[in-house]
Protein chains: 4
Amino acid sequence: MTNRARAAEILGAQEIELPSWAFGNSGTRFKVFSQSGVPRTPEEKIDDAAQVHAFTGAAPIVSLHIPWDKVDDYEKLAVHAADRGVRIGAINANVFQDDDYMLGSVTSPDPKVRRKATDHLLECVEIANATGSRDVKLWFADGTNYPGQDSIRTRQDRLAEALDEVYAALRPDQRILLEYKLFEPSFYTTDVPDWGTSYAHCLRLGEKAVVCVDTGHHAPGTNIEFIVAFLLRENKLGAFDFNSRFYADDDLMVGAADPFQIFRIMHEIVQAGATTPDSGINFMLDQCHNIEPKIPAQIRSVMNVQEATAKALLVDADALTAAQVSGDVLGANAVLMDAYNTDVRPLLAEIRRNGGLDPDPLEAFSRSGYLDRVTEARKDGVPAGWGA
Amino acid sequence: MTNRARAAEILGAQEIELPSWAFGNSGTRFKVFSQSGVPRTPEEKIDDAAQVHAFTGAAPIVSLHIPWDKVDDYEKLAVHAADRGVRIGAINANVFQDDDYMLGSVTSPDPKVRRKATDHLLECVEIANATGSRDVKLWFADGTNYPGQDSIRTRQDRLAEALDEVYAALRPDQRILLEYKLFEPSFYTTDVPDWGTSYAHCLRLGEKAVVCVDTGHHAPGTNIEFIVAFLLRENKLGAFDFNSRFYADDDLMVGAADPFQIFRIMHEIVQAGATTPDSGINFMLDQCHNIEPKIPAQIRSVMNVQEATAKALLVDADALTAAQVSGDVLGANAVLMDAYNTDVRPLLAEIRRNGGLDPDPLEAFSRSGYLDRVTEARKDGVPAGWGA
Amino acid sequence: MTNRARAAEILGAQEIELPSWAFGNSGTRFKVFSQSGVPRTPEEKIDDAAQVHAFTGAAPIVSLHIPWDKVDDYEKLAVHAADRGVRIGAINANVFQDDDYMLGSVTSPDPKVRRKATDHLLECVEIANATGSRDVKLWFADGTNYPGQDSIRTRQDRLAEALDEVYAALRPDQRILLEYKLFEPSFYTTDVPDWGTSYAHCLRLGEKAVVCVDTGHHAPGTNIEFIVAFLLRENKLGAFDFNSRFYADDDLMVGAADPFQIFRIMHEIVQAGATTPDSGINFMLDQCHNIEPKIPAQIRSVMNVQEATAKALLVDADALTAAQVSGDVLGANAVLMDAYNTDVRPLLAEIRRNGGLDPDPLEAFSRSGYLDRVTEARKDGVPAGWGA
Amino acid sequence: MTNRARAAEILGAQEIELPSWAFGNSGTRFKVFSQSGVPRTPEEKIDDAAQVHAFTGAAPIVSLHIPWDKVDDYEKLAVHAADRGVRIGAINANVFQDDDYMLGSVTSPDPKVRRKATDHLLECVEIANATGSRDVKLWFADGTNYPGQDSIRTRQDRLAEALDEVYAALRPDQRILLEYKLFEPSFYTTDVPDWGTSYAHCLRLGEKAVVCVDTGHHAPGTNIEFIVAFLLRENKLGAFDFNSRFYADDDLMVGAADPFQIFRIMHEIVQAGATTPDSGINFMLDQCHNIEPKIPAQIRSVMNVQEATAKALLVDADALTAAQVSGDVLGANAVLMDAYNTDVRPLLAEIRRNGGLDPDPLEAFSRSGYLDRVTEARKDGVPAGWGA
């Protein structure tokens, strides 16, 4: 099989997970700009996500965020998703939006707050059971703003205790995805600031705890593909939150700020043979479309991941290894860049055509008139957002 | 006069300006935690600011933020301030919270939006006339999130046009303070990202346009005191927004993250003889007390500026110059560090006592019972915040 | 004329300047690895640079570095260059490698050192006269390592004095290119740390002083294309030092670390119609090939600049403006990305073929056997380096 | 015992390790400025280090760097040290200065180079046996400059293999200190870039492998005291390389760039009861005195560590915990800052006096005339440096 044929096969099997919350309104601390046609309920968010899949064929999974996506009947929500051609993915816990959580959730100095937070995490495990989800994703806004505010070490003890309890509640086929983040919303310390902290906790917990890499959560100058390669080698890479950034956790469309970086990340994934769903890696988007329309932005993001993956699949692995082993610096770099500089859009158009899709998903979605229809249908009621 | 006596004299004359919005609720994009006793009106914000001055004797000025502090009668508000022992300072324009401003205000691609934004700036000049304020402070959230989204250069043309119009409306004794910021809320470009951009616009505008340095608005590794020294040399330093940060624009209490940095900044101010109000520099706080009580946090911040200033005033200028000129690297550094390592709290306590104040402002404020009283008095109604 | 035809025409006229010192050995403070076949004299460096031009057709100019390229007869050196098909470009002053310069050159506290340094700069103007060079490039390693070590402001006075003297010595058609750099080799302050400082000095000096942008000399998160666009608008952009970096001033091959960034920079250049030599902008490489062979690395770098330029030239300017003006965020970004995602290597191959060159410069250079020949010819003697 | 008395006791027992190479010449890639009186041999470096101990009483240990400190008879060198009142500490391996190491040492693609590098590490273990040193410190300059240059993952395999071999050679009471560094001298990937990588390798190796934290080796915004607290909790903190920096790995005197940071680090050490030698933590300086005289700079650095430690020891731990547990953000921060703002120089002067030392070590060293004597004695021969 040629390199191109193999690439087409793998691209055809690639699955990207969409975050329900990307379809609601979002913004910065300065302003949340409201867009038209924004969904009002978890069901409507799934409807929108299903559109992204309908036009790309590569995004059949939707992550939920609890309590933003709280419903009375999760089995019913799963059926709703199936009816739309998608399925429910990771359950994302939210322990940062109650007033109780001002000084932390599972690491709060207040034991009642810790209990409440841990109970929420356990509830998320229950929801995952109901939706048939494998993954419960934990991101903690916990941390401190001022030196001395709390004990760094004691907070680790509290974190470990909560994680132990959640881990014990997992079913055999379930996993914890433990996310890390350098800063924001806390500014002095973050209780899981880097991959090392997440890795150390996951290692202690056991096989069902794995690290989630959000591409916007690192200090400037951090080599993310190194982390990806290292975690792959340790069998501890569980998931991505894809997005891109120029300075902080900008949550822009993946590939928008540094398309070469997402290519390099996908190159590590491809080299490890971990591109497709059987790798166990959850390739999710986690983005905020503050000023651009949300469904097209998600379509574009899926296409960006596909293009980066396609380029990574076109790397001539044998030529690369040969150049690396012989110490040919320029030659090895040239093999990589040759793939990066290739225009893979024709290949992806062909794959779409072969799959019965329009080769230009954005144009096709635009023509569909969906956005106009939902704008009319959803003109009353409260649009979904982070606080909803 | 001894160094210490001179320091005491200058410290006694120092004036720090408080931001009205620091007394309202604030937060991050993830959550605004509500505190108790938070003011509901511009008048109540001034009441709280007046407490900070009552206990420190060093904060007699309050900045307003329009429209957050919009009132029908600004002269009356000025009288209210005077009754509380303080006066109204800079008028801070806000052109980032209307839905119209999603793609910018004075640099928006839409001429109607630009007109609206410029009109608001002109309104701020009018308010400054009414309150007797010298300074109108302009910070623009304007920028873009994605490469190609708009023309960098055309946006500069639009910005220049708006600034020209505002400048022309200034009375002879009024000034524009033009603030710059590296990033947030826009992520790809910011229309006034750095001091150079602000400086170039101010230079073109004329003498009544000066640069405002917010200590949280720089890239990592930026030497802020260099910028301060450079602008002082060019007579273009107009104001500070003091705060501190570990990574981005954290808006923590000044001196909390890097007390040595604020000392080095004040050292440049002292060396240029620009510590007191006659220098024309507006020393303002601009902070967000997301998790700590607001009035005590402002008191602590004023004290932090005083302590940094006191240390800077204790630097032995002659010994420093002698060591510098002779190329004595360790000796010159030691002169500076000797002042920094001095405990200036006894000196400041003495100055307070001499001024009829309690030597420990935080303790005295706590004893006063003010916070309990306003918590009771303000229990109904909507607490002020960024959106209010 | 089609977009592609216009692109071909402009690409055919593009001129990239090569640094003589890139052909000598370089390294880090930890180690300078010696390569084989490295030139030993200024003449041999020019010979190597001429090879880059011979195979790319786009690099007909060579910058000199004084004293590294000191010769007795600069007119003769210019003739040597002409014989090889290239010409001498900017004269780069070096005031950082004498023991005298430990605490600075033109900003040293020692007036004798300042005199010596300024005399060297004046000597560079003389050399520029002799070589027929338009540009004298000034980069100052000057700065301090420790707070208090020297007066930030006084050093600016000294800098201004030296620049005045050099400016006065320029012939009517000559220019000063004033480079800036955030840090290294000094760590606390740098006397020209950012574009604002360079710009302010150039503005004071006059029309013949312009800013040089080295792409590796900024703080993390700095938007370099903003600076480029701003300086173009102010007619103060004089030159580039192209290279790339991941963290600090890595001096890697341009486009190697972030190919999207160099494209965005060239997009601003193209939008301003400033791609070709008549714009007065000096497009120079400034790189250190520490571990890769130097001539091929320079060829690759020239190709990288050509590819970024070609992509920028393919941007559909009308479509871009239309999307920008209508506030179509995704659409405008898509126009830009469409050009970036195009594979321009066939276009460049065609241009080379039309110019009588091999379409694959690296392969052709390799086949030429030049490197083997000079390795043999230069096996004796001292290879050139930074200290030579 | 009062807090102050306890502090005095612990400070009296504190031991700081000095690097032999700090007494030789050092610089940047631009220039190594030569100083007068610089030692020429390992013995003379030890003589100079002994001066630092003689005047501070707190620096009785000297690290060696191999091959810079290669001698025929290490037992004899240990005796020389003992004669001067100090002892030999960690053995620092150097696998970055042979031409063979251009593409890496233990991670080089060339198996012969890897063998050579591992043999050098084993030699260092042998030297440690000879000098009676507990610690062998491994820092690898290994990495790559260009994407694709080598396989990130394969290099980890090679690294693990070499570490296994060295670990197996350790005697029961010996340890590997595995250092990490974000960047420099390699720019794209570093094979041990962060604490997580070092930690993971140490964990696999076993109890005798521990992490070394160099305070200059992190990305901007990294919270170093978090790492310290985390490693202490995991029993994996083995050593510090103290220094300070503004932007990159500046290797300035510890506490010079951010004295508050070193205080916060020492606060974590104090909280964990790990200040004194029995904690097993090696508190070493690793600095480059490029422009300041070396012996006084080391004395100043030792004093800076002492002052930071003294302040950390003065933190009222009970009051701090009480404020933390009650969620009193400002109160907890105030307890910490109260200690930081204390002038501890009188306390340290008293400790020195009680120990029979001059209260002002810098002044006393200056009076001693040592520098003049060695400048005369060492005027011939080659001063030590990084390449020596």
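The values are calculated or read from the model by the stated rules, or taken from the named source; none is laboratory data. No experiment lies behind these values; they were computed from the predicted model shown. Here the Cβ is made from the backbone with ideal geometry for all residues, glycine too, and neighbour counts use every protein chain on show. Surface accessibility is based on the protein's heavy atoms, side chains included, excluding ligands, DNA and RNA. Shrake-Rupley method; radii C 1.70, N 1.55, O 1.52, S 1.80 Å.
Would you kindly identify the strands (runs of 3 or more DSSP E) lying entirely within region B:35-147 that contain at least 3 residues that are aliphatic (A, V, I, L, M) and in contact with a helix residue (DSSP H, G or I) (Cβ under 7 Å, 6 or more places away or on another chain)?
Details: elements: B:61-66, B:87-93, B:135-138.
Qualifying strands (runs of 3 or more DSSP E): B:61-66, B:87-93.
Can you find a residue in region B:199-213 that is in contact with a His (Cβ under 9 Å, 6 or more places away or on another chain), at pLDDT 95 or above and within 27 Å of A:His289 (Cβ to Cβ)?
The answer is no; no qualifying residue exists.
Quick test for you: out of C:Asp316, C:Asp251, C:Asp286, pick the one residue that is out of contact with any Leu (no Cβ under 8 Å at 6 or more places or on another chain) and more than 27 Å from C:Thr28 (Cβ to Cβ).
From the options C:Asp316, C:Asp251, C:Asp286, the qualifying one is C:Asp316.
Determine, yes or no, whether C:Thr375 is of a type in the set (Ser, Thr, Tyr), in a helix (DSSP H, G or I) and over 30 Å from D:Asn145 (Cβ atoms). Step through it out loud before you land on a result.
Values: of a type in the set (Ser, Thr, Tyr): yes; in a helix (DSSP H, G or I): yes; over 30 Å from D:Asn145 (Cβ atoms): no.
Criteria not met by C:Thr375.
Residue by residue through region A:191-249, note down the ones that are among the acidic types (Asp, Glu) and either facing chain D (nearest Cβ under 7 Å) or in a helix (DSSP H, G or I) (or both). Spell out how you get there, then give the answer.
Let us first name the residues in region A:191-249 that are among the acidic types (Asp, Glu), namely A:191, A:194, A:207, A:214, A:225, A:234, A:241, A:249.
Listed by number, the residues that qualify are A:Asp194, A:Glu225, A:Glu234.
If B:Leu178 meets every condition in (1) away from chain C (no Cβ under 14 Å); (2) in contact with a helix residue (DSSP H, G or I) (Cβ under 8 Å, 6 or more places away or on another chain); (3) of a type outside the set (Ser, Thr, Tyr) apart from one, which number is that one?
Of everything listed in (1) away from chain C (no Cβ under 14 Å); (2) in contact with a helix residue (DSSP H, G or I) (Cβ under 8 Å, 6 or more places away or on another chain); (3) of a type outside the set (Ser, Thr, Tyr), B:Leu178 misses just condition (1).
May I ask you to verify whether D:Leu362 is part of a helix (DSSP H, G or I) and within 14 Å of chain A (Cβ to nearest Cβ)? Write out each step before concluding.
On the way: part of a helix (DSSP H, G or I): yes; within 14 Å of chain A (Cβ to nearest Cβ): no.
So D:Leu362 fails the test.
Given the conditions (1) open to solvent by 10 Å² or more (accessible area, probe 1.4 Å); (2) within 9 Å of chain D (Cβ to nearest Cβ), and given that B:Glu268 satisfies all but one, which numbered condition is not satisfied?
(2)
Please work out which residue is farthest from the other protein chains (Cβ to nearest Cβ), limiting yourself to region A:372-388 and to residues that are within 17 Å of A:Ala54 (Cβ to Cβ) and open to solvent by 60 Å² or more (accessible area, probe 1.4 Å). Full working, then the answer.
Within region A:372-388, the subset within 17 Å of A:Ala54 (Cβ to Cβ) is A:372-374.
Okay, now just the ones that are also open to solvent by 60 Å² or more (accessible area, probe 1.4 Å), so A:372-373.
On the way: A:Asp372: 16, A:Arg373: 19 Å.
Among those residues, the one meeting the criterion is A:Arg373.
Can you pull out the residues in region D:130-147 that are open to solvent by less than 10 Å² (accessible area, probe 1.4 Å) and away from every other protein chain (no Cβ under 14 Å)?
D:Ser133, D:Asp135, D:Val136, D:Lys137, D:Leu138 - these are the residues of region D:130-147 that are open to solvent by less than 10 Å² (accessible area, probe 1.4 Å) and away from every other protein chain (no Cβ under 14 Å).
Check region B:169-181 and report whether any residue there is out of contact with any strand residue (DSSP E or B) (no Cβ under 8 Å at 6 or more places or on another chain), surrounded by fewer than 23 Cβ atoms within 10 Å (Cβ to Cβ) and of a type in the set (D, E, K, R).
Yes, region B:169-181 has at least one match.
Say we look at region A:181-190 and pick out the residues that are at the interface with another protein chain (Cβ under 7 Å from one of its Cβ atoms) and part of a loop (DSSP other than H, G, I, E, B); which of these is farthest from B:His289 (Cα to Cα)? Talk me through it step by step, then tell me what you get.
In the first step, residues of region A:181-190 are kept if they are at the interface with another protein chain (Cβ under 7 Å from one of its Cβ atoms); the result is A:182-185, A:187-189.
Keeping just the survivors that are part of a loop (DSSP other than H, G, I, E, B) gives A:182-185, A:187-188.
Values: A:Leu182: 21, A:Phe183: 17, A:Glu184: 15, A:Pro185: 13, A:Phe187: 12, A:Tyr188: 14 Å.
Taking the candidates together, the pick is A:Leu182.
Which of the residues spanning region C:243-278 are of a type in the set (S, T, N, Q) and touching a strand residue (DSSP E or B) at 6+ places or on another chain (Cβ under 9 Å)?
The initial filter retains those residues of region C:243-278 that are of a type in the set (S, T, N, Q), namely C:243-244, C:261, C:271, C:275-276.
C:Asn243, C:Ser244, C:Gln261, C:Thr275, listed by residue number.
Given the residues C:Ser244, C:Ser186, which is the only one that is hydroxyl-bearing (Ser, Thr, Tyr) and more than 21 Å from B:Val228 (Cβ to Cβ)?
Going through C:Ser244, C:Ser186 in turn, just one is hydroxyl-bearing (Ser, Thr, Tyr) and more than 21 Å from B:Val228 (Cβ to Cβ): C:Ser244.
Could you tell me which of the residues D:Gly24, D:Gly12 is surrounded by 22 or more Cβ atoms within 10 Å (Cβ to Cβ) and touching a residue at least 40 places away in the same chain (Cβ under 8 Å)?
On the way: D:Gly12 fails: surrounded by 22 or more Cβ atoms within 10 Å (Cβ to Cβ).
Among D:Gly24, D:Gly12, only D:Gly24 is surrounded by 22 or more Cβ atoms within 10 Å (Cβ to Cβ) and touching a residue at least 40 places away in the same chain (Cβ under 8 Å).
Looking at C:Leu348, is it within 14 Å of another protein chain (Cβ to nearest Cβ), in contact with a helix residue (DSSP H, G or I) (Cβ under 9 Å, 6 or more places away or on another chain), hydrophobic (A, V, I, L, M, F, W, C) and in contact (Cβ under 8 Å) with a residue 60 or more places away in the chain? Can you show your working first?
Working: within 14 Å of another protein chain (Cβ to nearest Cβ): yes; in contact with a helix residue (DSSP H, G or I) (Cβ under 9 Å, 6 or more places away or on another chain): yes; hydrophobic (A, V, I, L, M, F, W, C): yes; in contact (Cβ under 8 Å) with a residue 60 or more places away in the chain: yes.
Yes: the conditions hold for C:Leu348.
The conditions are (1) within 27 Å of the chain's Cα centre (by Cα); (2) within 14 Å of chain A (Cβ to nearest Cβ); (3) not small (Gly, Ala, Ser), and D:Asn333 fails exactly one of them. Which is it?
(1)
Going residue by residue through region B:162-180, is there one that turns out to be touching a Cys at 6+ places or on another chain (Cβ under 6 Å), outside any loop (DSSP other than H, G, I, E, B), farther than 18 Å from A:Ile291 by Cβ and of a type in the set (Asp, Glu)?
Filtering region B:162-180 for residues touching a Cys at 6+ places or on another chain (Cβ under 6 Å) gives B:177-179.
Next, from what is left, pick out any that are outside any loop (DSSP other than H, G, I, E, B): B:177-179.
Remaining after also requiring farther than 18 Å from A:Ile291 by Cβ: B:177-179.
Restricting the remaining residues to those that are of a type in the set (Asp, Glu) gives B:179.
Yes, there is a match, as at least one residue in region B:162-180 is touching a Cys at 6+ places or on another chain (Cβ under 6 Å), outside any loop (DSSP other than H, G, I, E, B), farther than 18 Å from A:Ile291 by Cβ and of a type in the set (Asp, Glu).
Kindly indicate whether B:Gly255 is on the phi > 0 side of the Ramachandran plot and away from every other protein chain (no Cβ under 12 Å).
Answer is no for this residue.
From the set of residues in region C:271-296 that are in a loop (DSSP other than H, G, I, E, B) and either within 14 Å of chain A (Cβ to nearest Cβ) or among the charged types (D, E, K, R) (or both), which is farthest from D:Ser186 (Cα to Cα)?
Initial filter on region C:271-296 (in a loop (DSSP other than H, G, I, E, B)): C:272-276, C:280-281, C:286-293.
In the following step, the residues that additionally are either within 14 Å of chain A (Cβ to nearest Cβ) or among the charged types (D, E, K, R) (or both) were identified as C:286-293.
On the way: C:Asp286: 18, C:Gln287: 15, C:Cys288: 12, C:His289: 12, C:Asn290: 10, C:Ile291: 10, C:Glu292: 13, C:Pro293: 16 Å.
Taking the candidates together, the pick is C:Asp286.
Among the residues of region A:233-254, which ones are open to solvent by less than 20 Å² (accessible area, probe 1.4 Å) and either closer than 21 Å to A:Pro277 by Cα or more than 15 Å from the chain's Cα centre (by Cα) (or both)? I'd like the intermediate steps shown before the answer.
Narrowing region A:233-254 to residues open to solvent by less than 20 Å² (accessible area, probe 1.4 Å): A:236-244, A:247-254.
Result: A:Lys236, A:Leu237, A:Gly238, A:Ala239, A:Phe240, A:Asp241, A:Phe242, A:Asn243, A:Tyr247, A:Ala248, A:Val254.
Give region D:100-129 a look and list any residue that's away from every other protein chain (no Cβ under 14 Å), open to solvent by 30 Å² or more (accessible area, probe 1.4 Å) and out of contact with any strand residue (DSSP E or B) (no Cβ under 8 Å at 6 or more places or on another chain), or say none.
Selection gives D:Arg115, D:Lys116, D:Asp119, D:Leu122, D:Glu126, D:Asn129.
Which one is farthest from B:Asn145 (Cα to Cα), of the residues in region A:1-33 that are more than 14 Å from chain B (Cβ to nearest Cβ) and in a strand (DSSP E or B)?
Only one residue tops the list, namely A:Glu17.
Given the structure, is A:Val344 crowded, with 20+ Cβ neighbours inside 10 Å and in contact with a Leu (Cβ under 6 Å, 6 or more places away or on another chain)?
On the way: crowded, with 20+ Cβ neighbours inside 10 Å: yes; in contact with a Leu (Cβ under 6 Å, 6 or more places away or on another chain): no.
In short, no.
Are any residues in region D:297-330 open to solvent by 20 Å² or more (accessible area, probe 1.4 Å), farther than 24 Å from D:Cys212 by Cα and either of a type in the set (Asp, Glu) or in a helix (DSSP H, G or I) (or both), and if so, which ones?
D:Leu314, D:Asp316, D:Ala317, D:Asp318, D:Ala319, D:Thr321, D:Ala322, D:Val325, D:Asp328, D:Leu330
For region C:281-296, name all the residues that are open to solvent by 10 Å² or more (accessible area, probe 1.4 Å) and without any contact (Cβ under 8 Å) to a residue 60 or more places away in the chain.
The one that is open to solvent by 10 Å² or more (accessible area, probe 1.4 Å) and without any contact (Cβ under 8 Å) to a residue 60 or more places away in the chain: C:Ile281.
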